[in-house]
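Report on one structure; see the data block that follows.
The values are calculated or read from the model by the stated rules, or taken from the named source; none is laboratory data. Small disclaimer: the values here were computed from a predicted structure and weren't measured. No Cβ is skipped: glycine too gets one built from the backbone with ideal geometry, and neighbour counts run over all protein chains shown. Ligands, DNA and RNA are stripped out before the accessible areas are found, and what is left, the full protein with its side chains, is counted by its heavy atoms. Shrake-Rupley method; radii C 1.70, N 1.55, O 1.52, S 1.80 Å.
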Amino acid sequence: MYSFFPKPLPDETVYSLLCRFHLVSAQASFKGNTLKLFKINGSRPNNEFPSFLNEFEGLSGIDMPTLINQMTSFHYYEPFLSPDMCLRLYDSLRTGKTESLQSQLGIVASRFTYGKELKSCPLCMKENIDTYGTTYWHLEHQITGALSCPKHKCILNSEVCSPIKLLLPKENKNLNIEVFDGEEYRFSSLLASELHDLNCDIHLPDLYNAYWDRLRELGLLTQCGRVRQATLHKLVQKYLERLCDKTQHFRTLYHQVKKDYFPQCLLYQRSVQHHPLQHFAFIFSLFDSWEHLKKFIASEHTCDALPNNQSIKVELDWSYFINLLINGQSLRKVAASAGVSIATLKARAIQYQVPIATRPSKVFDKERRIIWRKLLIGKPTEDIATDLGISQGAVEQVLKCYPEIKELRARIRYKAKRDEMLAILEKCIRDNPSFTRNQIKQAENAAYMWLFKHEKSLLYTFLPPRFC
């Protein structure tokens, strides 16, 4: 331990303290002396996950928990990791085995990489010089997604950092300072609030429960527990559209929303490791701030709409909604109150023989009757659509009105498949009367295995005796 090692300043990164140590120790070369002292050879000292914390602890006298929790982005990731992954991240930072962390944390897959730039606030630099006599890199400015200073509301400046060169923020007195109190500031404040909330005890299951409860509270869940995707997309787009032109990270997020990938991936793929920025974008859209999220979770909301992300089948009182139709209410209003689509309500109305406009996708009553007969004999919907010159969706809409036909069609298809497989085996046995069971299986494996799986007893009646 060096007695002259500088003390860490508030919210300072490990790399920043390393640079300041080089200056006070008067080493000849940052690369040749200081980096070698900390056993930093090929790795970037300004990495998000430094691999030299073990050596840094011994030379600086700063304990490992302080280094990891307060001088790296560990807490930025912590609430969004499983307990096992959280322990793995902490242990990797402690031991210096950080090579595969970017892949394990979903950084590579999500493309939300740390980048080669370091960010600084011009007003923070001025304050730091006045207070401490030097500039330094603030941790809250470096985390992925930070756009403005949470304290001064001004846009952060970026400087490209060389892998093995010393760099501290350079004060530029002629720089025009842009101050915004909009989405950039609010989103950056959300990130900083979570980063510095070291006593927070929010874990991944708490977050997902809060997500679903908040969706239900905002009216974004149907009675069946399904997400109203179109409405949710509009909400998320509204919050991200003013950020998407700021950095590549937000452009990627906005593109995911436009392609209907986000936030579905976050809600329905819980086993996948999602980048914190995706969680923060969703939290920003639903709660706007970290404090609101904490209060929401503390209020002990219970999510019974969609526990464990599995839909719950809810039996509606259809007679009530059908009576609303009979009494003259519109399809649109009744469908909205039932939490179902107009097409679903229309199909139910047909089953209850309610006289409504039942012309799905330009299918008239005469065509409906033709479609019904063709469906009844098991003809594929694609072939029916081709014969009548209409869309396959229109045919399937008619099929949806008669759910009892679905089971009949399934039995017809099953029998046709069974007869097809039996005909293949019969021909093989007829053409090769001396074949054993194993030879028949090898000759017609697909037919043999289908019958073995679905009609085992019937299969054995067609096969020759076992020891023939």
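Data overview
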| quantity | calculated |
| --- | --- |
| Percentage, to the nearest whole number, of Cα pairs in the stretch 48-145 over 23 Å apart | 33 percent |
| R111, R437, reordered so the largest accessible area comes first (probe 1.4 Å) | R111, R437 |
| Share of Cα-Cα pairs in the chain lying beyond 29 Å, as whole percent | 65 percent |
| Accessible area in square angstrom per residue, the chain, 1.4 angstrom probe | 53 Å² |
| For the chain, calculated [θ]222 nm from helices alone, where every DSSP H run of n ≥ 4 adds -39500 (n - 2.57) | -15500 deg cm²/dmol |
| Nitroxide proxy distance, nm - points 7 Å out along Cα→Cβ at Y460 and C265 | 5.1 nm |
| The chain, relative contact order [Cα under 8 Å, separation at least 6], % | 11 percent |
| Spin-label model distance (nm) - A230 vs Y414, 7 Å beyond Cα toward Cβ | 3.7 nm |
| Computed label-point distance, nm, for sites Q392 and Q223 using a 7 Å Cα→Cβ extension | 3.2 nm |
| Lys, Arg +1 and Asp, Glu -1 on Cβ, resulting dipole of the stretch 195-247 about Cα centre, debye, nearest 20 | 420 debye |
| Distance from the stretch 39-102 to the stretch 192-235 (C-alpha centre basis), Å | 29 Å |
| Solvent-accessible area, 1.4 Å probe, carbon plus sulfur percent, for the chain | 51 percent |
| Loop GluC sites (Glu not before Pro), the stretch 4-104, which have at most 15 other Cβ atoms in a 10 Å radius of their Cβ (DSSP) | E99 |
